[in-house]
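Notes to accompany the following structure.
Only the coordinates and a few stated rules stand behind these numbers; no lab work does. Please read these numbers as outputs of a predicted model, since none were measured by experiment. Cβ placement follows ideal geometry from the backbone for every residue including glycine, while neighbour counts extend to all protein chains displayed.
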Amino acid sequence: MDLGSRFADKLRHFITLPQERGLKRATTIAVASNKGGVGKTTSCINLAVAYAQQGLDVLLIDLDPQAHVATSLRTYLTHTGHSLGDVLLGRSNDLKPMTTRWEHLFLAGSDKELSEIEMILGTKIGKEFILHKGLEIARTHYDLIICDCSPNLGTLTLNALCAADKLLIPLDMSALALEGVGDMLNTVETLRTRLGRSLEVCGILATRYDKRAVQMNQAVEQSLFELYGRRLLQTRVPQSSALNKAHMAGQPIFEFAGSSPGAKAYRDLAKELWQHLQIARSGEYPTHAVG
Ligand SMILES: Nc1ncnc2c1ncn2[C@@H]1O[C@H](COP(=O)(O)OP(=O)(O)OP(=O)(O)O)[C@@H](O)[C@H]1O
Ligand SMILES: [Mg+2]
């Protein structure tokens, strides 16, 4: 992109003009599981920052009324944007996200209003495709769009799944989480057969991996291999107090504890997912942080 278009692109975030189409074709990934607390938000934030630091233009969308993404990145938000609700309610197709301290990372935030919006959306015809439509222009301005979902299969999550090309399913190493993966895969199949949406599961991610829980890990991993084989990603995100503290401090792990095992795991994950995501400007995984 030349200097003029870059400037115009930046300016659009500050003035209210209908957004024009850009030249990009974002890959959209939903991070979802109907089980709570498995590391969806933590994974979204750290993946988004990892890719933005590599120079990819990343839009992070928080579709969870708990609004944990903005809380977790609160110290890095540099300019407020428009409400995601306007796009979901069809009042605007001009998604103006918040800017962040990283030049390449943008955030379309959630707020408590999103729960009410979810109820309103539930009554609309074609309710599953509202976000898909709302992102039509945004897709042309980013390399990657990451959607953080609530721990349920409500209308907002279904919107994320219908807007996405890829699905990442985090799973903590528990038997209950295994059931959650099954539910998600059934949903993917239902979306395919009933709504004609083909969503590729780009990986099942083991999170909160506690090396000491040897027997439980073995049992869950064996089931995962048997049931889902190659979909299980190699990266294991360890159970790590640094990840929890980073969340409380409102920082991505790379800023809070850049050399911790959690930071390494999320760097490894970004690298491992690179090929699966088929980002339009693909090729080798970039190796230099650019800001
Ligand atoms: N690998 C980890 N090690 C230790 N703590 C973690 C890890 N991953 C996430 N956490 C902590 O667990 C809590 C839940 O994580 P997170 O918010 O990412 O899960 P979630 O799946 O998005 O939850 P919800 O379903 O409520 O949206 C947070 O306090 C987070 O800091
Ligand atoms: Mg969450």
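With 10 angstrom as the radius, rank 241, 83 by how many other C-beta atoms surround their C-beta, starting from the fewest.
Ranked by crowding around the Cβ, least crowded first: 241, 83.
Can you list the residues, at least 5 places off or on another chain, whose amide H is less than 5 Å from the amide H of residue 22, using H built in the peptide plane?
140, 141
Quick one: what does P(r) look like for the chain with 5 Å bins over all Cα pairs, in whole %?
All Cα pairs, binned at 5 Å, distribute as 1, 5, 12, 18, 20, 18, 13, 8, 3, 1, 0, 0 percent.
How much net charge surrounds residue 209 when only the other residues with a Cβ under 14 Å from the Cβ of residue 209 are counted, with Lys and Arg +1 and Asp and Glu -1? Walk me through the numbers on the way to the answer.
On the way: positive: 208, 211, 212, 236, 264; negative: 172, 210, 221, 268.
Summing Lys/Arg as +1 and Asp/Glu as -1 gives +1.
Write down the Å³ per residue value for the convex hull defined by the alpha carbon atoms of segment 87-219.
Hull volume over Cα atoms, normalised by residue count, gives 146 Å³.
Find how many whole Å separate the alpha carbon centroid of segment 127-176 from the alpha carbon centroid of segment 28-59.
Result: 11 Å between the Cα centres.
Across segment 236-252, in residue order, what do the Karplus-derived ³J(HN,Hα) couplings come to in whole Hz, using 6.51 cos²θ - 1.76 cosθ + 1.60 with θ = phi - 60° and x for Gly and Pro?
The phi angles translate into 10, 8, x, 5, 8, 5, 5, 5, 5, 5, 4, 4, 5, 7, x, 10, x Hz.
When the Karplus curve 6.51 cos²θ - 1.76 cosθ + 1.60 is applied with θ = phi - 60°, which whole-Hz ³J(HN,Hα) does each residue of segment 56-67 get, with x for Gly and Pro?
Running phi through 6.51 cos²θ - 1.76 cosθ + 1.60 with θ = phi - 60° gives 7, 7, 10, 10, 9, 10, 9, 9, 10, x, 5, 6 Hz.
Just grab the label-to-label distance for residue 275 and residue 103, each label 7 Å out from Cα along the Cβ direction, in nm (one decimal).
Placing both labels 7 Å along Cα→Cβ, they lie 3.1 nm apart.
Which value at 222 nm does the chain reach when only helices count, each DSSP H run of 4 or more adding -39,500 (n - 2.57), with the total divided by all residues and rounded to the nearest 500 deg cm²/dmol? Before the final figure, lay out each step's value.
Numbers: 12 runs with 122 residues, N = 291.
It comes out at -12500 deg cm²/dmol, rounded to the nearest 500.
Counting only trypsin sites (Lys or Arg not before Pro) that are in a DSSP loop and have at most 16 other C-beta atoms within 10 Å, tell me the longest site-free stretch of the chain. Can you show the working numbers first?
Working: sites that count: 21, 25, 91, 101, 112, 124, 211, 212, 281.
Counting at most 16 other Cβ atoms within 10 Å as exposed, the longest clean stretch of the chain is 125-210.
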